[in-house]
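Trainee: Got a structure for you, questions after.
The values are calculated or read from the model by the stated rules, or taken from the named source; none is laboratory data. Not measured: the values here are computed from a predicted model. Cβ coordinates were reconstructed from backbone atoms using ideal geometry, including for glycine residues, and neighbour counts include every protein chain displayed.
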Ligand code: SF4
Ligand code: SF4
């Protein structure tokens, strides 16, 4: 089993990213890009997601829902479902490789916030690549971040 301790899945907040830019004649078309993580979710169903127990302790400003965690050792919790032989975080909604998102996005653990989708920030991500390959998905490329224009 792969262990996710320092980095984790992230960036499932934006089902649509929108920006506006000037066009000849002064028109302001809207460009949309569907975030690649929303048709993936592989890293949420590949790694053991472990983090310090304080992240689920509200008295210490922890935000992870305790009911969705279980104890790993005296210092760490894991997201339920991620210790299984075929891990799948209990908070993951949808179908991996089709349409998936984090059901506790605003309350997800720090490790989940730290995973970079490959090429979102101009570099590959070993964890993203490993998870996608593990689910039979092609690796993300820089082209996946190209803005796809749609009609406003
Ligand atoms: S494996 Fe990569 S593309 Fe898929 S959800 Fe995780 S970070 Fe996003
Ligand atoms: S908490 Fe959310 S982002 Fe983290 S592994 Fe579970 S579904 Fe994925």
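Trainee: Quick one: is residue 82 away from ligand 1 (no atom under 12 Å from the Cβ), over 11 Å from residue 43 (Cα atoms), at pLDDT 95 or above and not in a strand (DSSP E or B)? Step through it out loud before you land on a result.
Mentor: Working: away from ligand 1 (no atom under 12 Å from the Cβ): yes; over 11 Å from residue 43 (Cα atoms): no; at pLDDT 95 or above: yes; not in a strand (DSSP E or B): yes.
So residue 82 does not fit the description; no.
Trainee: Still on this structure: Looking at (1) closer than 18 Å to residue 54 by Cα; (2) over 15 Å from the mean Cα position of the chain (by Cα); (3) surrounded by 12 or more Cβ atoms within 10 Å (Cβ to Cβ), which is the only condition residue 81 fails?
Mentor: (1)
Trainee: Can you find a residue in region 120-139 that is out of contact with any strand residue (DSSP E or B) (no Cβ under 8 Å at 6 or more places or on another chain), over 21 Å from residue 36 (Cα atoms) and outside any strand (DSSP E or B)?
Mentor: no
Trainee: Follow-up question, since we're still on this one. How many residues does region 66-75 contain that are exposed (fewer than 15 other Cβ atoms within 10 Å of the Cβ) and closer than 16 Å to residue 54 by Cβ? Give the derivation first.
Mentor: In the first step, residues of region 66-75 are kept if they are exposed (fewer than 15 other Cβ atoms within 10 Å of the Cβ); the result is 66-67, 70-71, 73-75.
Within this subset, residues satisfying the condition of being closer than 16 Å to residue 54 by Cβ are 66, 70-71, 73-75.
Final tally of qualifying residues: 6.
Trainee: For region 94-116, what are the residues that are assigned to a helix (DSSP H, G or I) and either more than 8 Å from ligand 2 (Cβ to nearest atom) or surrounded by fewer than 19 Cβ atoms within 10 Å (Cβ to Cβ) (or both)?
Mentor: Taking region 94-116 as the starting set, the residues that turn out to be assigned to a helix (DSSP H, G or I) are 105-107, 110-114.
Hits for region 94-116 are 105, 106, 107, 110, 113, 114.
Trainee: Follow-up. List the strands (runs of 3 or more DSSP E) inside region 29-76, counting only whole elements, that have at least 1 residues being over 23 Å from residue 126 (Cα atoms), within 16 Å of ligand 2 (Cβ to nearest atom) and within 19 Å of the chain's Cα centre (by Cα). Give the derivation first.
Mentor: On the way: elements: 30-33, 47-52, 69-73.
Those strands (runs of 3 or more DSSP E) span 69-73.
Trainee: Still on this structure, please answer the following. Taking the criterion of being over 29 Å from residue 62 (Cα atoms), within 10 Å of ligand 1 (Cβ to nearest atom), modelled with pLDDT of 95 or more and over 15 Å from the mean Cα position of the chain (by Cα), would at least one residue in region 115-134 satisfy it?
Mentor: Looking through region 115-134, at least one residue is over 29 Å from residue 62 (Cα atoms), within 10 Å of ligand 1 (Cβ to nearest atom), modelled with pLDDT of 95 or more and over 15 Å from the mean Cα position of the chain (by Cα).
Trainee: Cβ-Cβ distance below 6 Å, separation of 6 or more or different chains: which pairs start in region 133-152 with a residue that is more than 15 Å from residue 46 (Cα to Cα) and end on one that is assigned to a strand (DSSP E or B) and at pLDDT below 95?
Mentor: 147/31; 147/33; 148/33; 149/31; 150/32; 152/30
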